[in-house]
Every structure is written in structure tokens, then in C-alpha cells.
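Engineer: To start, I am sharing the structure in question, which I have written as C-alpha cells.
The values are calculated or read from the model by the stated rules, or taken from the named source; none is laboratory data. Bear in mind the structure is a predicted one, so any value in this text is a computation, not a measurement. We place every Cβ from the backbone using ideal geometry, glycine too, and count neighbours over all the protein chains shown. Note: areas computed on protein heavy atoms with side chains; ligands, DNA, RNA excluded. Shrake-Rupley method; radii C 1.70, N 1.55, O 1.52, S 1.80 Å.
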Amino acid sequence: MSAKTYEVRTYGCQMNVHDSERLSGLLEDAGYVRAPEGTPEGDADVVVFNTCAVRENADNKLYGNLGRLAPMKTKRPGMQIAVGGCLAQKDRDTIVTRAPWVDVVFGTHNIGKLPVLLERARVQEEAQVEIAESLEAFPSTLPTRRESAYAAWVSISVGCNNTCTFCIVPALRGKEKDRRPGDILAEVEALVAEGVSEITLLGQNVNAYGSDMGDREAFSKLLRACGQIEGLERVRFTSPHPRDFTDDVIAAMAETPNVMHQLHMPLQSGSDPVLKAMRRSYRQERFLGIIEKVRAAMPDAAISTDIIVGFPGETEEDFEQTMHVVREARFANAFTFQYSKRPGTPAATMEGQIPKEVVQARYERLVALQEEISWDENKKQVGRTLEIMVAEGEGRKDGATHRLSGRAPDNRLVHFTKPDEDVRPGDVVTVEITYAAPHHLLAEGPAKGVRRTRAGDAWEKRNAAPADKGAGVMLGLPGIGVPAPLPAPTGGCSIV
């Protein structure tokens, strides 16, 4: 009898992506195998939806997908459907009421229970709904099937202690809970031993790390400790909060060679009154002050951000303040969003909801300004010689153009001429930038050098293994693999 197959569909933030790696590991530990790439919809024995409650129309998208699977499940009585993640934490019994063919509903705090719940649903022949109110096991202690051989997410905390009026995540992920530094470093060291050369430290509010341990400098100490791990070439983190962004973190970034000079820090609005209404604990002056300090310590730093346009009560003057901050900060790129109501958030019932046409017009002005700045900032890279870590699946046109793609140390996407010698994802290629577009760089000349790495060896070893394990998890946003582009955040904390 062949093993049962599974498919995981992931929506939302990096934390969900990381959780899905754990869900895949749990299922494979329980004897399931991944459905091969190209498997028709509904042909996997178990389909898991790892949901997001932050994105607009998330519930409609989920129920639409579940509805398509209903007739397929009728034809295949042994098939099982599970729904987890933030929307499951939020809607609970509603899911089974609206989609009674669902077998398992589990929350953000008990992903480790998925195999048990699937078996219980099979034996009892009824839906299992189990939503834990607090974290049962830190996700990183669970089995995993990582999507990249050369790069990895490492979760350092879960939950969030902020109360932003546009964000529902604290209600779904709970209060912040920090992981012990020794456990984090042990995981990083184990990953490096397996060939991983780049890690991204994850947290809903990553630089608040240490708050429940009583150590305000815990995050900067962690960055410095990562700098002592031999073989770890690149360290990134996402996403920090301006409230907790302290001078010791800037110093650690500047003084630790393998911590990349790249920072994604959500602005949300440049207007002090709007920031107050959002319940963001900083103001324009504080935000620009951080940018100034980062640039003084790391002139080459690439800084990106999130911005919400049309928050309730936003006036034209408020919007102009956001435009002012964008001009002053000169972000490498910005994820810009039109405000939309999120049920269950205070902002959804605020007075002064902005007409759609006004929001759209402001949004277009902001995007045009940021495009201009992004292009100007990218043009400054022309003529520079950069080390590019080769990525897998970053360049959609690479086959046609005979190029490869990867990420510069500051996370800019670079397409470069394919070297004559064999190059693998995880290897490092030195190139000279010859052209800049708003969202990528080109290196059209021959490579100046190729460095084969242990990370490339790890990728080669993984891909030389028998292909009977199936393809990767079928993911929504964001993409997998590092150096990864920052995922499009959702108008909340950039991690959510």
C-alpha cells in the first residue's frame, strides 16, 4: 500500500510560511509524502490550508477554495481537508458550519497536533476542531521540511504585545513569547552544519526580542552571537518596530560582518495624528531619526518599509506628511497598501472612512513617487562590484535570457549573465552592475568570480536525492527560498 500524499497551501506572512515548513515536517514524520508537482487539484489524500486573517477577503478566498474541493472529496471518501492558521484561530466553529466537509480545524498555537487530529477525524468520522488559547510548543521545536537547502527562517519569538488599531494579529497569535537564546543559536548552528549559509530571524516584532526575559539588549546580543558562527555568511531579520529600534541594534548591525546592511522597518504613515490613531508608539521625527542613525552607521544600507494609504480620518495634509517622509527617507522600496477594513479591529468602526476614489488617487501618487526614488537609488548601484548569492526561482525570464538571479547583500534582486562554469543556488558570484531598473539590477558582463560554497553543495545533494518525495509545498505569498524578496506585507506589522 502506497503512502498517503499531502499538499499544504500557505497564505500570508513569513510566519505562516515557516509554520508550513513545520506542518510538512510533521506530516512526513507521520508517514505522509508530498504530492508530486503538477498533481491535479483534489488528488492529494490530505490538503492543508494554512490561512491568513489579515489579507482582504481572506475568508471568501478560503471558502471558495474549500467549495471547489467539496465535490472532489465526495468522489474520494478517504480524502481529508484541514484548515489551520490565523483565520482558523479567528473563525473556529464557523469553518465547519460553512464547510461541513472539512475534517480538521486547528489554530496558530497547536500546529503540532495536526497528525493526531487527522487520525482522530478518520477514526471517529467527524470533524475535529481544536483551538488552543496559548502556545503549546514553540514552532521551531517541531519537525520540519525546509524549502531551501541553502537558507532558512529561524523563529525567535511568536506573538505581539502591540495594539495597532488596524491589526488583528495580537488577538490571533497571542502575547509575545521569546525563545531562549541558546535554543535559537543551537538551531542556527545545526542549520549551518547542514549547509545553510543564510538565515532570517523571524518575529512578529523581532527587535522587541528579550521583553519577556527582561533584557532590552537581547536582540543586539543575538545578532552579535550569530556573527560568531563559522560558515554563516548572511544574517537578516524581519520585521522590527520603530518603537523598539535602539542604538545597540544599529551598532550590532554595523559591527557584525555577516549581518546584512538591509532593514525593513514599517512606517505605516508619516502623519503624527494618523500614527496616534493607528496606536503606533512613534512619531515622524522618531522614525526619520532612526533612518538618519542607520545611514550614519551604514551608508550603504538599503531600507524598505510598509505604508498604509487612506487610514480613517487621513486628510490631504496627513497624506502629504507621508509623502514628505518618503522623500526624506529615500526607501529602496516600499510596500504600499490602500486601507481596507479588517473585521475585529478598532479601525474598522472608526469615523472618517475615506472614499475609495480618494484613497486610490493618493495611492497612485505615492506609488509614482516611490518608483522614482527606487529607480534613482538603484542607479547608484551601477558600476559597483557585488557578491550575489545565487537564488532558485527568482528570475522568471532566466531561461530565455541565459541569466541567473540572486540577491546582493542588501537584498536587491540582481539578474546576471550565466557564467561558463557550473553555478548552483547557494553559490556566490561576483559581478559588476551595469544597469538599474526600479525593481532589479542587471550585470550584463562576464562574472568576475565564482565561489562554490557548502550551501551550493547542500543544494546539489538535496536535488540529487530520489525525486519520489514530490515537489515543494504549494505556497501562496510570500515566495520561498533565500535570498528571498521581502513578501508583500498586509498593512499590519510587516510580518503579518
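Engineer: Report the far tail of the P(r) of segment 304-383, meaning the percent of Cα-Cα pairs longer than 21 Å.
Structural biologist: Values: 1063 of 3160 pairs.
It works out to 34 percent of all Cα pairs.
Engineer: Under 17 Å from a point placed 7 Å out from the Cα of Glu351 along the Cα-to-Cβ direction: which residues of segment 315-332 have their backbone N that close?
Structural biologist: Only 315 fall inside the zone, counting backbone N under 17 Å.
Engineer: Please work out how much length the chain gains when fully extended from Lys418 to Leu369, using 0.36 nm per residue of separation minus the C-alpha to C-alpha distance, in nm with one decimal. Before the final figure, lay out each step's value.
Structural biologist: On the way: separation 49, 0.36 × 49 = 17.64 nm, distance 3.35 nm.
Contour length minus the Cα-Cα distance gives 14.3 nm.
Engineer: Roughly speaking, what is the stretch gain from Val382 to Asp29, that is 0.36 nm per residue apart minus the C-alpha to C-alpha distance, in nm to one decimal? Don't jump to the answer; show the numbers that get you there.
Structural biologist: Details: separation 353, 0.36 × 353 = 127.08 nm, distance 4.80 nm.
Using 0.36 nm per residue and subtracting the Cα-Cα distance, I get 122.3 nm.
Engineer: May I ask which of Lys175/Lys341; Lys61/Lys90; Lys276/Lys356; Lys90/Lys175 have a Cα-Cα span longer than 18 Å here? Can you show the working numbers first?
Structural biologist: Working: Lys175/Lys341 23 Å; Lys61/Lys90 15 Å; Lys276/Lys356 22 Å; Lys90/Lys175 15 Å.
Checking Cα-Cα distances, Lys175/Lys341; Lys276/Lys356 exceed 18 Å.
Engineer: Ignoring any ligand, DNA or RNA, what whole percent of the accessible area of segment 1-107 comes from carbon and sulfur when the probe is 1.4 angstrom? Don't skip to the end; give the middle numbers.
Structural biologist: Details: 2010 of 3980 Å².
Ligands and nucleic acids excluded, carbon and sulfur reach 50 percent.
Engineer: I would also like to ask the following. If R0 is 22 Å, what FRET efficiency do you get for Arg120 and Lys341 from their C-beta distance, rounded to 0.05? List each step's numbers first, then the result.
Structural biologist: On the way: r = 37 Å, r/R0 = 1.67.
Calculated transfer efficiency: 0.05.
Engineer: What distance in nm lies between label points placed 7 Å from Cα along the C-beta direction at Arg295 and Met323?
Structural biologist: Taking the simple label geometry, Arg295 and Met323 are separated by 2.0 nm.
Engineer: If you average over every viewing direction, what projected area does the convex hull of the Cα atoms of segment 75-221 give, in nm²?
Structural biologist: Working: hull surface 44.2 nm².
Projected area, direction-averaged: 11.0 nm².
Engineer: What is the extension gain from Tyr435 to Asp212, computed as 0.36 nm multiplied by their sequence separation minus the C-alpha to C-alpha distance, in nm to one decimal?
Structural biologist: Details: separation 223, 0.36 × 223 = 80.28 nm, distance 4.67 nm.
Between Tyr435 and Asp212, full extension yields an extra 75.6 nm.
Engineer: With viscosity set to 1.002 mPa s at 20 °C, what whole-number translational diffusion coefficient in µm²/s follows for the chain from Stokes-Einstein and a Kirkwood radius over Cα pairs?
Structural biologist: Details: Rh = 23.5 Å.
Translational diffusion coefficient: 91 µm²/s.
Engineer: Quick one: ranking Asp300, Asp420 by accessible area, 1.4 Å probe, largest first, what do you get? List each step's numbers first, then the result.
Structural biologist: On the way: Asp300 70, Asp420 165 Å².
Solvent-accessible surface, decreasing: Asp420, Asp300.
Engineer: Carbon and sulfur together cover what percent of the accessible area of segment 117-220 at a 1.4 Å probe radius? Please list the in-between numbers first.
Structural biologist: Values: 1830 of 4000 Å².
Here it works out to 46 percent.
Engineer: Show me, for segment 10-18, the HN-Hα J-couplings you get by feeding each phi into the Karplus relation (A = 6.51, B = -1.76, C = 1.60, θ = phi - 60°), rounded to Hz, glycine and proline as x.
Structural biologist: 10, 10, x, 8, 4, 5, 5, 4, 5
Engineer: With the convex hull built on the Cα atoms of segment 140-239, state its orientation-averaged projected area in nm². Show your work: numbers first, answer last.
Structural biologist: Details: hull surface 26.6 nm².
With every direction weighted equally, the projected area is 6.6 nm².
Engineer: On a 1.4 Å probe surface of the protein chains, which of Tyr363, Tyr209 comes out largest in accessible area, and what is the full order? Please list the in-between numbers first.
Structural biologist: Values: Tyr363 60, Tyr209 5 Å².
So the residues, ranked largest to smallest area, are Tyr363, Tyr209.
Engineer: Which whole-Hz couplings ³J(HN,Hα) result when phi for each residue of segment 216-226 is put into the Karplus expression 6.51 cos²θ - 1.76 cosθ + 1.60, θ = phi - 60°, listed in order with x for Gly and Pro?
Structural biologist: Ordered by residue, 3J(HN,Hα) equals 6, 9, 4, 5, 5, 5, 5, 4, 5, 5, 4 Hz.
Engineer: In addition: Between rounded, prolate and oblate, where does segment 12-159 land on the alpha carbon gyration tensor, with a ≥ b ≥ c its root eigenvalues, rounded for a/c under 1.5, else prolate if a/b exceeds b/c? Before the final figure, lay out the partial values.
Structural biologist: On the way: a/c = 1.45, a/b = 1.26, b/c = 1.15.
Rounded, since a/c falls under 1.5.
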